[in-house]
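Remarks on the structure that follows.
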Amino acid sequence: MKRFFILILSLSLLFCVSACSNNTPSTSESSGENVSNEQTGGMDNDLQTGSDTSISSEDNSESIDSEPDSSTKVLVAFFSRTGENYSVGVIEKGNTHIIADMIAEEMNADTFEIARVTPYPEAYRECTDEAQKEKSANARPELTATVDNFSDYTIIFLGYPNWWGDMPMPVYTFLESYDFSGKTVIPFCTHAGSGLSGTVQTLESKLTGATVLDGFEIAGTTAQNNQSEAKESVLVWLDKLDINR
């Protein structure tokens, strides 16, 4: 009887151990499933991230495209004369041309020279005689070139010598050849003592739809003979203008 009882007890213990062994997953199988699930989840995340990156990129692109263009194209247009000039003798580069180049360099601007098809005489007296006749006739002399992409510019620096309190007639031809609406015009001139005279007011009356800022004036003798002083004056003036450069 006692042996029978021990046999039954042994069989029961054996059955329990076997059952427990079959229901417990192995450590290697459990780790394998977890790694597999993490890899699958990681790939899904990568794919989703890729999708998100694409959307984010599109959003950034739209945001950039929607921002106003901060770049501003600047043109320095000028009339200047070489040959025999008042107080500076015979020169190879005009007084106003010198100042125009200084402005263009500082503003990273394009330049355009306003020039007659028929140049003025080299001799000072002959030039003044012809220019006075032109002024009396309110002439509009033909120019050698045009600005093909004028509409691209938003800021126009306009340079000229002061001739009898006015702009030379070729400058009027230039002004009447383009639409200045919405543009900012900034005059500058060289002179022999008369400054800008009434040229700023003339520009304001002619260029309706444009904003004309206060101008810059400098003696032609300074521009020609003391360019370091001229450059300093130009820089001081440009610093006062509310224009990025």
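Only the coordinates and a few stated rules stand behind these numbers; no lab work does. Since the structure is predicted, the reported quantities are computational estimates derived from the model, not experimental observations. Methodologically, a virtual Cβ is constructed for each residue, glycine included, from the backbone with ideal geometry; neighbour enumeration extends over all protein chains shown.
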Legend entry - Scope segment 228-245; condition exposed (fewer than 14 other Cβ atoms within 10 Å of the Cβ) and either touching a strand residue (DSSP E or B) at 6+ places or on another chain (Cβ under 7 Å) or closer than 16 Å to Ala104 by Cβ (or both); matching residues: Leu235, Asn244, Arg245
Inset, instruction - Return yes or no: is Thr96 surrounded by 17 or more Cβ atoms within 10 Å (Cβ to Cβ) and under 13 Å from Phe78 (Cα atoms)? - result: yes
Inset, instruction - Run Thr221 past the list (1) β-branched (Val, Ile, Thr); (2) surrounded by fewer than 16 Cβ atoms within 10 Å (Cβ to Cβ); (3) more than 26 Å from the chain's Cα centre (by Cα) and report the number of the one that doesn't hold. - result: (2)
Inset, instruction - Mind telling me which of the residues Ala115, Ala139, Ala131, Ala145 ends up being touching a Phe, Trp or Tyr at 6+ places or on another chain (Cβ under 7 Å) and either more than 28 Å from Gln227 (Cβ to Cβ) or in contact (Cβ under 8 Å) with a residue 24 or more places away in the chain (or both)? - result: Ala131
